[in-house]
Each structure stands twice: as C-alpha cells, then as structure tokens.
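Inspection log for the structure reproduced underneath, given as structure tokens.
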Amino acid sequence: MNAATPREHGKGAAPNVRISIRSVGMDKPRAWLAAGFEDFRQATAVSLAYGMFWVGLSIAVTAGAFTLGLWHWLLPLIAGFMFLGPLVAVGSYGISRALEAGRVPNLGDAFGGWKGHAGQLAMMGVMMMIFFLAWIRLATLLFALFFGLEAPSPETLYASLLTTTNGLMMLAVGTAIGAVLAFGAFTISVVAIPTLMDQDLTFMEGIEASIRSVAKNFRPMLLWAVILTGSVLVGVMTFYIGLALILPVLGHASWHAYEDLVRIEPVEELKS
C-alpha cells in the first residue's frame, strides 16, 4: 500500500499537498530514455549548447589538473561526478519543463531554471557536496593505503592500477565503496531535484519523495541507476565529447522519470 504523505500548512508554507509515489515497471527506464531523446530532438540547439558547456568545463578541469601537477586527482574527480550529476541536470529539467509548457526553450530555461527555488536547490547541492567530499576523502585514504603518500608518475600509476596486486585491490575496494556512496546519493536525489524544480516544497520533502520512489520501485530504479552510470562512463571515455549528447538526454529522461514516479496533489482537492 502506498501511504501518501500530507504536507502540513504553516506560516509562509505552500498550500497543503499530498505526495504520492507511483509504482512503475521494468520497462519504464527505456521509456524515460526515449522521452529524453525526444526532448533533445525538439530542443537540439539549446540542449546541445548546455551539454557543451559541461564538456568545456570538464576539459578545463582536466587541463588544470595536469597543469598544476594534480593529475592523480582525475580518477576520483571523474568518479565523483556521479554525485554531482543530478545538479548538472537542472538545466535539462528547465528545458523539458519549457517544452511541456508549449514554449520554445532558450538558454534562460537551461541556465536560469533554478532561480524560482534557489534556496531549496542550494540545500540539495550541500547534501550532494557532502557525498562528493566524503568520496574524495575516502579516495585519498585509499590511495595512501595502497600507494603511499608520494604520487608516482602518471605512467607508473595507471599501469600499476591494472597490472599490480595493489592497483587491482585499490580499484576493487574503491569501486565497491564508490558504488555504495553513489547509490546513496542517487537514492536521495533521483527525483528530489526535479521535484524541487517543479514544486514549492522543502528539500527534505524532496529527499523523502526520492527515497520512497527508490524503495517502492527498487528494481526499476536500480536499472535506471546502472543506465545513468554506464552512460556517463561512456561519455567520459570519449574524452568528454559524448557528454554533450549524453548529459542533456539523461537530464530530460530524469525529468520524465520524476513525472512518472511522483504525484503531488492539494489536500483540499483530495477531500472534496
């Protein structure tokens, strides 16, 4: 039984609403991807521009890391992108929302869609940053544990990762720990951020809706998490260029996932 959660009305709060979570089938992730591609097709120019912005930023960060001699941070930073991905998708949510409103999306929808709920989205940003910093700290400890405090040369390090016992063990342990942290971040954010983009709710209500969505639809949401992770990895392996398409499509798809999973109704309407 799906127990809906009513929101209490208080000073300065939005009208009472009831947040319900729908059940979805294993076919839904594919349907979300199809809807994401359709949104991309309808708003190719602005979606591609938004994706290219993040590609350019990723390339700049990578170049900066090598220039500053911090190249050994690249692997944990790339892996840590999984924790910040839901925030990166905010622009795609704005584009999809504009399409549903019957408007032609523009860069203002992509880069300014967060303004209406900046405070609550900022709080979600803090939550995601906590996961990101926890991962960076753990990655640092793992590196020190298996390779010591002195960073080897790039050639030595990347060769050691795949050809030595220490390297393989670090990859295995790091992947396991990162997967647990990433799924935790996914669980609290997968529909929380689009919910906050679309509704006048608190970030804790968004997190609750997200956790309940994953708990109620664990298998489809696990598949969705695998699709998101795999797609981003493919984009990274193309030297980020593929992310220009992948990031906006996944963002659009995640918006449609939110719409399929979360139903928010005024309590007064339900009582009538």
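Could you check the simple spin-label distance between Phe218 and Leu141, using points 7 Å along Cα→Cβ, in nm with one decimal?
2.7
Once the Cβ-Cβ distance between Ala101 and Val226 is put in as r, and R0 is 45 Å, what FRET efficiency do you end up with, to the nearest 0.05? Before the final figure, lay out the partial values.
Details: r = 32 Å, r/R0 = 0.70.
The value I calculate is 0.90.
Debye sum, Cα scatterers, segment 77-179, no solvent: what log₁₀ I/I(0) at q = 0.15, 0.16, 0.18, 0.24 1/Å?
At q = 0.15, 0.16, 0.18, 0.24 Å⁻¹ the computed log10 ratios are -0.73, -0.77, -0.86, -1.24.
Amide H of Val17 versus every other amide H placed in the peptide plane: which residues, excluding those fewer than 5 positions away on the same chain, fall under 5 Å?
Arg7, Val267
Rg to Rh for the chain: what is it, with Cα atoms only and Rh by Kirkwood?
On the way: Rg = 19.9 Å, Rh = 19.8 Å.
Using only Cα positions, Rg/Rh for the chain is 1.01.
In nm, to one decimal, how far is the Val126 label point from the Thr175 one, both placed 7 Å along Cα→Cβ?
Placing both labels 7 Å beyond Cα along the Cβ direction yields 3.6 nm.
Which whole-Hz ³J(HN,Hα) couplings does segment 248-260 yield from phi under the Karplus relation 6.51 cos²θ - 1.76 cosθ + 1.60, θ = phi - 60°, glycine and proline marked x?
Once θ is set to phi - 60°, the couplings for segment 248-260 become x, 4, 5, x, 4, 4, 5, 4, 5, 4, 4, 5, 6 Hz.
What's the FRET efficiency of Met237 with Met204 using the Cβ-Cβ distance as r and R₀ = 41 Å, to the nearest 0.05? Please report the intermediate quantities before stating the final value.
Working: r = 36 Å, r/R0 = 0.89.
Rounded to the nearest 0.05, the efficiency is 0.65.
Please report, to one decimal in angstroms, the Kirkwood hydrodynamic radius of segment 17-125 built from all distinct Cα-Cα pairs. Please report the intermediate quantities before stating the final value.
Details: mean 1/r = 0.0614 Å⁻¹.
Radius from the Kirkwood sum: 16.3 Å.
Tell me what the chain gives for mean residue ellipticity at 222 nm when only DSSP H runs of n ≥ 4 count, each as -39,500 (n - 2.57), the sum divided by the residue total, rounded to 500 deg cm²/dmol. Let's see the in-between values first.
Working: 13 runs with 201 residues, N = 272.
That comes out to -24500 deg cm²/dmol.
Would you mind telling me the share, in percent, of accessible area of segment 161-272 contributed by carbon and sulfur at probe 1.4 angstrom? Write out the running numbers ahead of the final one.
On the way: 3430 of 4860 Å².
Ligands and nucleic acids excluded, carbon and sulfur give 71 percent.
Let's see if you can work this out: charge +1 on each Lys and Arg Cβ, -1 on each Asp and Glu Cβ, no other charges. What is the dipole magnitude of the chain about its Cα centre, in debye to the nearest 20?
On the way: 16 positive and 17 negative charges, 54 e Å.
For the chain, the charge dipole is close to 260 debye.
Taking N as the number of residues in segment 163-216, what value does Rg over Cα atoms divided by 2.2 N^0.38 Å take?
On the way: Rg = 16.2 Å, N = 54, 2.2 N^0.38 = 10.0 Å.
After normalising by residue count via 2.2 N^0.38 Å, the value is 1.62.
Got a number for the accessible area of Leu168? Probe 1.4 Å, square angstrom, nearest 10.
Accessible area of Leu168: about 90 Å².
I'd like the accessible area for Tyr93, computed on protein heavy atoms only with a 1.4 Å probe and all protein chains in place. Round to 10 Å², please.
We get 10 Å² for Tyr93.
Relative to 2.2 N^0.38 Å, what does the C-alpha radius of gyration of segment 129-247 come to as a ratio? Two decimals please.
Taking the Cα Rg and dividing by 2.2 N^0.38 Å, one obtains 1.30.
If a/c stays under 1.5 just call it rounded; otherwise compare a/b with b/c (prolate if a/b is bigger, oblate if not). Do that for segment 211-272, with a ≥ b ≥ c from the square roots of the Cα gyration tensor eigenvalues.
Because a/c hits 1.5 or more and a/b fails to exceed b/c, segment 211-272 counts as oblate.
Starting from the residue with the highest accessible area, list Ile19, Ile130, Ile78 in decreasing order, probe 1.4 Å. Can you show the working numbers first?
Numbers: Ile19 5, Ile130 95, Ile78 45 Å².
Of Ile19, Ile130, Ile78, the descending order of accessible area is Ile130, Ile78, Ile19.
The values are calculated or read from the model by the stated rules, or taken from the named source; none is laboratory data. Just so it is clear, the model here is predicted, and its values are computed rather than measured. Here the Cβ is made from the backbone with ideal geometry for all residues, glycine too, and neighbour counts use every protein chain on show. Accessible surface is based on the protein model in full, side chains and every heavy atom, while ligands, DNA and RNA are left aside. Shrake-Rupley method; radii C 1.70, N 1.55, O 1.52, S 1.80 Å.
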